[in-house]
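The values are calculated or read from the model by the stated rules, or taken from the named source; none is laboratory data. Being a predicted model, the structure only gives us computed values, none of them experimental. Counting neighbours? That spans all protein chains shown, and the Cβs are built from the backbone with ideal geometry, glycine included. We work out accessible area using only protein heavy atoms, side chains counted, and drop any ligands, DNA or RNA first. Shrake-Rupley method; radii C 1.70, N 1.55, O 1.52, S 1.80 Å.
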Amino acid sequence: MEILELSILRHATLREALAQLDRTAQGVILLNDESGRFERTITDGDLRRMMLQGASLDDQLAELAHAESVTLAPGFTRRQALEKMQKHGINQVPVVDASGRAVDLVLRAEIDEQILLSTPHMGSAELDFVGEAFRTNWIAPLGPNVDAFEGEMADAVGASHAVALSSGTAAIHIALILLGVGHGDAVFCSSLTFAASVNPIVYQGAEPVLIDSEPDSWNMSPVALERALAAATRANRLPKAVIIVSLYGQSADMDPLLELCDHYGVPVIEDAAESLGATYKGKSSGTFGKLGIYSFNGNKIITTSGGGLLVTEDKALADRARFLATQARDPAPHYEHTVIGYNYRMSNILAGVGRGQLRVLGERVAARRAVFDLYKSELSDLGWLEWMPEPEWSVSTHWLSVCTIAKDCARISNSDVIAALAADLIEARPVWKPMHMQPVFSACDYYEHGNASVSDDLFARGICLPSGSNMTEGQVLRVIERLRAYSRLC
Ligand SMILES: *Cc1c(COP(=O)(O)O)cnc(C)c1O
């Protein structure tokens, strides 16, 4: 709507004002003085009150009192505009420039859209599987959807056995128990990760030893792992397991990591919570270690609202995992227990959601990759932005589109960019804060990639951008436009 079409002068009649409100249908028109400067907004209510006080349709707006209207200055942020609208209970605000002229009318519906980091994206089959569970009354932590989901997931990633669990965290916990991790043991884990990778080590009374990332994949550094294993050998305290995390949809460089772990005889747990659908040299991320885990939390590439999965080639381990995750009930007519168990199984309802989601995994991967490609191609001229690398052995899902501020760019910080996006209702986040920097793990040993910590540097410069597979192209372009506008300001 042209701003001129909304403008009206004091000598206009109430009838003209009502007709203009009706024609323009924005709920408000703008009263200007003779020189075109904005005076106040006029609504239906203002005219109604004039008539109740005795004005007729042929009277002029000249009778209208002067009033302070809510306005915005050019360059306002979406958040400022929304806060004003909320505070005053209105749905439109004129933008008035420095010379006092109204240059735009901002409508709530045009600016209140939030763009979130990563939101659930349901397909078309989930409700059918859930409905089937209701019809057959399989409302339990076991049932046909659980069995089918395990089989379908195992096929999808090329694993021999899969165990559906209540969360990715539960899957890591069970994996550690299966490998015999207990009190006082050491377990190595990537430092650049979410706390859920490390917490289960502590559940078992064991001690995390944190390993830096390498710059090519951002995942565990073979150089740092080798140092840590050599130091552990000297101290006669080899770890009971190494948890290798694959971040943001990209596999770690598995060959050199596995070679080292083999050499020292230490089993590997792959935390592929963020990398379902990714491959390393053509093989599914999550299927390289003795045990691998996936997560179906609400923000992951496919979701069951909450859930996890353990995969392995070893049938005995899979059977043991199911046993431990269903309260460790020994075979007996009564309840008989010889070890401590857990209530960690996935429900038959949620496994139905998972079966539906698995059918669209390929589409979700393609959509997330397309989001990343659009950011990268549209912003290729911004010298201060760099993108998470994708080594030639990796096919990343780009679960999250992650960039860093270039090292030589001192004038821009990741927190400034994140704040600028937040002011425009766009959710962005820093890269994971490494576990060795977390107060709760500050006493843990940490091994760096080189002479400086790579993960500290990625945390200092990294930004995760909105990456959902359900983002429209218009939404991605809105983020791109904001980053460009921000770039012009610096
Ligand atoms: C999400 C996540 C987990 C935990 O999975 P939940 O299903 O939320 O328990 C573990 N590790 C990493 C790297 C994750 O991103």
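Of the whole protein surface, Glu363 contributes about 120 Å² of accessible area at a 1.4 Å probe radius. Length available on full extension from Asp128 to Thr43: 0.36 nm per residue minus the Cα-Cα distance, which gives 25.7 nm. Axis of helix 14-24 versus longest Cα principal axis of the chain: the two differ by about 30°, to the nearest ten degrees. A straight chain from His66 to Arg237 at 0.36 nm per residue would run longer than the Cα-Cα distance by 53.5 nm. Remark: spin-label model distance Glu313-Thr77 equals 5.2 nm, labels positioned 7 Å along the Cα→Cβ axis. Solvent-accessible surface of protein heavy atoms, probed at 1.4 angstrom with all chains present, puts Val223, Val96, Val268 in the order Val223, Val96, Val268, largest first.
Compared with the dominant Cα axis of the chain, that is its longest principal axis, helix 254-264 is turned about 30°. The calculated FRET efficiency for Ala443 paired with Ala422, based on their beta-carbon distance and R0 = 35 Å, is about 0.55. Distance between the C-alpha centers of the stretch 379-453 and the stretch 250-296? Whole Å please. Comparing the Cα centres of the stretch 379-453 and the stretch 250-296, I get a distance of 22 Å. When the inverse distances between all different Cα atoms of the stretch 3-111 are averaged and flipped, the Kirkwood radius reads 14.3 angstrom.
For Tyr446, the accessible surface of its heavy atoms amounts to roughly 50 Å² (probe 1.4 Å, protein chains only, rounded to the nearest 10). When every Cα-Cα distance of the chain is counted in 20 angstrom steps from zero, the calculated P(r) takes the values 21, 41, 24, 12, 2 percent. Okay, which of the stretch 98-124 sit inside 12 Å, backbone N to the point 7 Å along the Cα-Cβ direction of Ala156? The answer is 123, whose backbone nitrogens lie closer than 12 Å to the label point. The aspartates and glutamates within cross-link reach of Lys290, meaning a Cα-to-Cα straight distance under 15 Å and a gap of 8 or more places when in the same chain, are Asp255, Glu259, Asp262, Glu270, Asp271, Glu313, Asp314, Asp319. Under 5 Å between amide hydrogens, built in the peptide plane, is the criterion, and for Leu72 it picks out Val95, Val96 among residues at least 5 positions away or on other chains. Report, in degrees rounded to the nearest 10, the 0 to 90 angle that the Cα long axis of helix 414-423 makes with the longest principal axis of the chain. Helix 414-423 and the main axis of the chain meet at about 50 degrees. If R0 is 45 Å, the Cβ-Cβ spacing of Ala485 and Ser305 corresponds to a FRET efficiency of close to 0.80.
What the phi angles of the stretch 162-168 give under the Karplus curve with 6.51, -1.76 and 1.60, with θ = phi - 60°, is a coupling list of 9, 10, 7, 10, 6, 6, x Hz, glycine and proline written as x.
Here the Karplus curve 6.51 cos²θ - 1.76 cosθ + 1.60, taken at θ = phi - 60°, turns the phi angles of the stretch 150-156 into couplings of 4, x, 5, 5, 4, 4, 4 Hz, with x standing for Gly and Pro.
Between Glu392 and Tyr264, the modelled label-to-label distance comes to 3.0 nm, taking each label 7 Å out from Cα in the direction of the beta carbon.
The residues of the stretch 3-111 expose on average 56 square angstrom of accessible surface per residue, using a 1.4 Å probe on protein heavy atoms.
Return the subset of Lys376/Lys407; Lys240/Lys433; Lys376/Lys433 for which the Cα-Cα distance in this structure is over 22 Å, preserving the input order. Intermediate values should be presented prior to the final figure.
Details: Lys376/Lys407 18 Å; Lys240/Lys433 25 Å; Lys376/Lys433 24 Å.
Going by Cα-Cα distance, Lys240/Lys433; Lys376/Lys433 fall outside the 22 Å limit.
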